[in-house]
Every structure is written in structure tokens, then in C-alpha cells.
Amino acid sequence: MDLNAVRTFVAVADACQFQKAAVDLALTQQAVSKRVATLERDLGVRLLTRTPRGAELTIDGQAFLAHARTLIQAEERARSSVRPGSRALRVDVVGRRVSLAGVLREFHRAHPSVALDVVILPGSEEAVAAVRDGVIDATFRAVTMPGQRIPDGIEITPVHDEPLHLFTGPAHPFAGASAVTPAQLAGHRIWMPGNVPGAEWTAYYEALAADFGLTIEATGPNFGVEALIDTIAASPTLATFLGTQTPLVRPAGYDMRLIALRDPTPVYPHSLLWRADNPHPALTALREHFTSVRREPPGGEIWTPTWARRG
């Protein structure tokens, strides 16, 4: 159905005159009459009749008018859903439990009027492609993956270097340590069942394991963080890595330990990626917020993969 014709019909019905509707729509009277005639032909009924007093709705016109108004309102809602500044800012994060998700919540508290649509895409390549194609407005990722090319027109800025900690139960050999070095973990089992082939975080931990001789196991089904905590809490040999600000609910009585990694401190380098020509006004606020609150890692030497973009 031609929505311009529908809009013209509503204008004539409201004005009760073809001539006044033409003025309101900045059209000629002939164009208004032609649109209404086309709509009537499409519907197979007469909607309006001309009288000495102007234009009057037929019985069919009266029945159609409410639906015509609904069609016009639906069109406006559809336009608003994709109009920059009206639709939600669509942002991708690696996972809802990473510390960056918490920083994104801080942004929302600082800008409560900004509607956010937070999504989790499968991997870095999918996220970059979604930014390129305009499916999302921005993504937080550790770039670049080995061999990955960032398309032209996409801007990148580092926003958050997240230090890693060793997470153990009370029976682990390092449970009483205040800090350990990555090299000390050689020969110890680091269990990360969420590491799936091809994911950027998997590439990150593979690089960490290769540089420090670590054994990172991704065996077994991934039943989620709660199941991981249950297993590590009871194990004298298994540990895992967590970010310093990863939001976790630790069950009472588990006595879990979060142990700093030093000399060097491995950090997960989150960067913000967005299209340079994206007009969404909230995108500027998002970039400015993360620039102003960027958290630097503790002093001393840090480690990131050689492929991680730093500038």
C-alpha cells in the first residue's frame, strides 16, 4: 500500500477539502486527487465523495480512516527506530561478566537518557564485520586477531587494560600467595572450559601459554561460571584466570582466592571500535566516557600478545 496515498487520504479527511489538504501537503490539488483515486482503486472502494461543502467520508472511508492513521503512526515508529539519536546505541562486548561490562554500566548510570542495546557476538571477526556493516554501533574487543585486517573507515582506540588474576580454591599450592609470576605457573593446570577455537580470548590465552610455558586446558563442557567455581573450589590442582573486576558471586564458605600476577602483569587489552561515519550522537558520549575513565594497569611491566593493537 502506498503510504503517501494513505497520508494524503487522511489529510483530506481531516481538512474536509481537497484544496486545503493540497495546501497542507504542499501539493497541487490535482496531485491530491490522483493519490486518493489511486488508493481507492487499490482498495476497490470509494473512500471520499465531493460535495458542495467539500469532501465527505463514505461508509468505507469511515471504516478505513482509523486503520489509515495506524499505518502512518507505524511508519513513524519504524523511521524512529533507526533514526540516529532515537534508536538505542547498539554495543557489543566480549561477555556480560567481564569487567568492561561493568564499566559500560557506569556509562549508563552517567548517561541515563541514552538507550543501550548490549549484545554479545561470537568473535572478533563477526564483531568487526557488524561494525563495518552498520549492524552495531561499536564493539569492545582485543584487536587485532592474528592475521585479522581491520576494514578502512573503522576507528580504534584503547580504552581498558584489564589485569588478570589467578583464581584458586583454598587447597591450591598458590592459595596463600599474595602474588605470583606467570613463569611460576608453568606446570600448573589452568582450566578455562569457555575457551573455544577461533575466539579472540582463546587466541589471547594461547599466546600467554606459549610465552610462559603454561598449560591451559579447555576440556569438558562449559556449564558456566558457577560450575567452574564449584570445580576449582574443591580442586588442589586446578586454577583459572579472572579479570580484577570480573563480577562474581562467590558462595559463602568456598574461601576462594584471587591472586595478583606480577613481573609481568598480563592485561587483556580492550579497544573500542566504531565506524568513523557513524552519526549516532550517543557514540561520541560513549567514546568520551571511556577516554575519561580509562583504567591503567598497576605499575611495572605488563604483558599483552604481540598481535594486540596498542594504538
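Residue 183 falls short on exactly one of the conditions (1) in contact with a helix residue (DSSP H, G or I) (Cβ under 8 Å, 6 or more places away or on another chain); (2) modelled with pLDDT of 90 or more; (3) assigned to a loop (DSSP other than H, G, I, E, B), and that condition is (3). In the set (1) surrounded by fewer than 12 Cβ atoms within 10 Å (Cβ to Cβ); (2) charged (D, E, K, R); (3) modelled with pLDDT of 90 or more, residue 301 fails one condition alone, (3).
Being within 18 Å of the chain's Cα centre (by Cα) and closer than 22 Å to residue 234 by Cα is the filter here; which residues of region 255-278 pass it? Those that are within 18 Å of the chain's Cα centre (by Cα) and closer than 22 Å to residue 234 by Cα: none in region 255-278. In region 50-69, the residues that are at positive phi reach residues that are surrounded by 15 or more Cβ atoms within 10 Å (Cβ to Cβ) with C-beta atoms within less than 6 angstrom, at least six apart or across chains, in these pairs: 54/16; 54/17. Among the listed residues 11, 21, 26, 55, which satisfies the condition of being farther than 16 Å from residue 68 by Cβ, assigned by TED's automatic domain parsing to the domain that holds residue 67 and of a type in the set (A, V, I, L, M, F, W, C)? Matching residue, one of 11, 21, 26, 55: 26. Considering (1) modelled with pLDDT of 90 or more; (2) closer than 23 Å to residue 206 by Cβ; (3) surrounded by fewer than 16 Cβ atoms within 10 Å (Cβ to Cβ), the lone condition that residue 122 does not fulfil carries the number (1).
The values are calculated or read from the model by the stated rules, or taken from the named source; none is laboratory data. Since this is a predicted model, take the numbers as computed values, not measurements. Reconstructed Cβ throughout: ideal geometry from the backbone, glycine too, with neighbour counts over all protein chains shown.
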